[in-house]
Amino acid sequence: MSSIFQILATKASGTSIPKLDVEIIPVFQNSAKKIHWPKGTMPEALKAAVDRNTFTGAAKELEWVQRSNGKGALYVGLGSPKGLTGDAYAFNEWIDQVRQSGAMVYLWQKRTRLAVSATQVKDWESSSHGSPVIDRVIRAFLEGMALTAYEFDRYKSKAPKKPILSMKLHLVGNLAHWAPVVKDLHDVTEAITVTREWSNEPSNIGTPEFFAKSAVVFAKKFGLRAKVLTEADAKREKMGLFLGVGQGSDRDNRLVVLEYLPKSKRKGKTVALVGKGVTFDSGGISIKPAGGMEHMKHDMTGAATMFGAILLASRRKVKNHIVAVLAFAENMPSGSAIQPGNILQSRSGKTVEIINTDAEGRLVLADAIDYVHKWKPDVIVDAATLTGACGIALGKQCSALISNDDEVSNQLQKIAFENWERLWRLPAFPEYLDDMKSTVADLKNANDSRMAGTITAAMFLKEFVKKGVPWAHLDIAYTAYDMAQVPYYPKSGASGANVRTLAQFAGEFGSG
Ligand SMILES: [Zn+2]
């Protein structure tokens with residue numbers, strides 16, 4: 001997949017930047033939320049906007065000042081910096097305001113179709129904050145623009161008028177400093193685009209076989225090891241839960257294993273990433289209501305997210321060894337589908353009574369989690385669009401995190417807040433498991449009380465994590481798609497959220 005958005009760092013001296021149609025000028029506020037103007041006289045047109053109070057320098061505000069030749073300056077409000085003296089939450093929150101401001105600039109460019117945008121580092125430095133802060137600010141701003149430049153329109157028979165996607169950023173100054181930042185932004189955009197494309201793929205095309213083939217193609221390109229398990233292979237592995245979910249579908253399951261092996265001799269940790277890949281979730285015999293069922297093509301976003309994460313980590317050449325297991329199945333009602341009351345045997349040997357065939361994600365994940373122990377992981381993280389209860393508990397502002405390990409949980413949360421892909425930890429008290437015990441089998445796949453559904457689903461998964469292995473579960477059911485409230489996510493469809501967090505965690509786990 002080619003990059004849809006280009007950021008160029010070009011070396012240019014302060015006075016002779018070529019073809020500068022739009023100059024982006026950041027504007028900060030002081031602590032009293034008044035415009036902070038450190039650089040001489042304010043241009044007349046901007047001053048007028050400030051006097052009218054239509055431009056205050058608050059985050060996400062834009063003011064376009066055009067010159068007679070059609071070129072001009074786009075003033076971008078970045079708000080009042082927060083948390084510079086150590087309050088990490090406030091700092092990350094402000095940095096995300098900067099990211100959202102970058103998104104507004106991209107949307108503006110899309111509307112105006114002005115060809116070239118540029119920004120100069122010296123303008124950002126003039127805000128008088130220290131340079132590591134400036135790095136984070138510029139990085140977040142560019143990231144906001146890059147994440148916004150995505151549309152899922154491949155299936156329109158007439159191609160919509162495309163915005164001008166080539167944005168040249170003249171990061172004047174030390175090119176050697178900015179080149180890796182720009183490269184990493186490219187890699188981030190690339191990985192998130194793959195995740196979004198996979199998640200948005202309609203299920204008549206995006207079948208388990210389709211994703212398995214696609215994964216192999218990418219693996220070759222990214223230098224990853226790839227292995228695809230067919231249903232016959234899964235049968236040999238005794239993955240009764242995984243196979244049970246797909247048995248009502250005409251489309252066969254696929255389980256994809258991807259492996260990133262670091263080049264460096266120094267031994268890193270082994271990080272296992274497991275993703276739920278239900279390519280369409282009708283609910284099965286416990287069929288879902290019709291309203292909104294089209295969204296169930298996104299029920300493989302856990303797998304798509306883990307895929308994006310391993311791709312990005314491999315681009316970064318991280319030191320850890322990463323294994324991703326993507327478990328694809330389609331959940332359909334038919335004469336051969338599993339039925340409530342059925343008892344299935346998992347790969348681990350534990351038996352499960354099916355109460356609700358729509359609680360299928362945990363079945364797919366349970367066998368995949370059990371299987372990934374083969375690689376003796378130092379940590380297992382799974383991601384899944386798992387429960388409706390997650391939306392009731394947390395809404396769309398964060399994903400749920402449940403873990404058996406404080407250290408893993410803390411590191412994941414810290415990284416998630418840095419990327420503003422917030423994770424909120426829910427408890428894993430052992431008593432919650434009581435609701436998942438069956439009278440006729442070891443476990444049942446749904447609880448009767450409907451209470452704490454996000455936690456009880458995780459408690460079910462925890463039963464397939466071997467003793468002593470740190471594990472974390474991310475329920476991304478309400479952050480995976482339709483995140484219209486955040487300007488750098490598409491208005492509808494896949495968000496690509498959590499790829500940045502999981503890639504960073506996979507790379508950094510165990511180091512420091
Ligand atoms: Zn379901």
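Results, tabulated for the structure shown:
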quantity	calculated
Residue within segment 240-257 that is in contact with a helix residue (DSSP H, G or I) (Cβ under 6 Å, 6 or more places away or on another chain), of a type in the set (Asp, Glu) and open to solvent by less than 30 Å² (accessible area, probe 1.4 Å) present	no
Matching residues, segment 201-229, being polar (S, T, N, Q) and open to solvent by less than 50 Å² (accessible area, probe 1.4 Å)	SER203, THR207, SER214
Neighbours by Cβ (under 8 Å, 6+ apart or cross-chain): first from segment 361-372, under 22 Å from CYS390 (Cβ atoms) and within 16 Å of the ligand (Cβ to nearest atom); second among the β-branched types (Val, Ile, Thr) and part of a helix (DSSP H, G or I)	LEU363/VAL245; VAL364/VAL245
Residues of segment 415-438 classified as of a type in the set (Lys, Arg) and in contact (Cβ under 8 Å) with a residue 24 or more places away in the chain, total	2
Of residues in segment 417-441 being over 24 Å from TYR489 (Cβ atoms) and of a type in the set (D, E, K, R), the one least open to solvent (accessible area, probe 1.4 Å)	ASP435
Single residue of ALA103, ALA32, ALA48, ALA58 found to be without any contact (Cβ under 8 Å) to a residue 60 or more places away in the chain and under 32 Å from the mean Cα position of the chain (by Cα)	ALA58
Qualifying residue in segment 266-284 (condition: in a helix (DSSP H, G or I) and modelled with pLDDT of 95 or more)	no
Which listed residue, of LEU461, LEU474, LEU426, LEU443, is in contact with a strand residue (DSSP E or B) (Cβ under 7 Å, 6 or more places away or on another chain), over 23 Å from VAL352 (Cα atoms) and modelled with pLDDT of 95 or more	LEU426
In segment 24-39, residue modelled with the lowest pLDDT [restricted to those that are open to solvent by 30 Å² or more (accessible area, probe 1.4 Å) and not hydrophobic (A, V, I, L, M, F, W, C)]	LYS39
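Per-residue answers, yes or no, for (1) touching a His at 6+ places or on another chain (Cβ under 6 Å); (2) open to solvent by 10 Å² or more (accessible area, probe 1.4 Å); (3) part of a helix (DSSP H, G or I); (4) not basic (Lys, Arg):
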site	(1), (2), (3), (4)
VAL352	no, no, no, yes
LEU365	no, no, yes, yes
GLY391	no, yes, yes, yes
LYS396	no, yes, no, no
ILE402	yes, no, no, yes
GLU407	no, yes, yes, yes
GLN411	no, yes, yes, yes
ILE415	no, no, yes, yes
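To keep it simple, each residue is scored yes or no on (1) open to solvent by 40 Å² or more (accessible area, probe 1.4 Å); (2) within 16 Å of the ligand (Cβ to nearest atom).
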| residue | (1), (2) |
| --- | --- |
| GLY275 | no, yes |
| VAL278 | no, yes |
| GLY283 | no, yes |
| SER286 | no, yes |
| PRO289 | yes, yes |
| GLY292 | no, yes |
| ALA303 | no, yes |
| MET306 | no, no |
| VAL318 | no, no |
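The values are calculated or read from the model by the stated rules, or taken from the named source; none is laboratory data. Keep in mind it's a predicted model, so treat the numbers as computed, not measured. Cβ: placed from backbone, ideal geometry, glycine included. Neighbour counts: every protein chain shown. Surface accessibility is based on the protein's heavy atoms, side chains included, excluding ligands, DNA and RNA. Shrake-Rupley method; radii C 1.70, N 1.55, O 1.52, S 1.80 Å.
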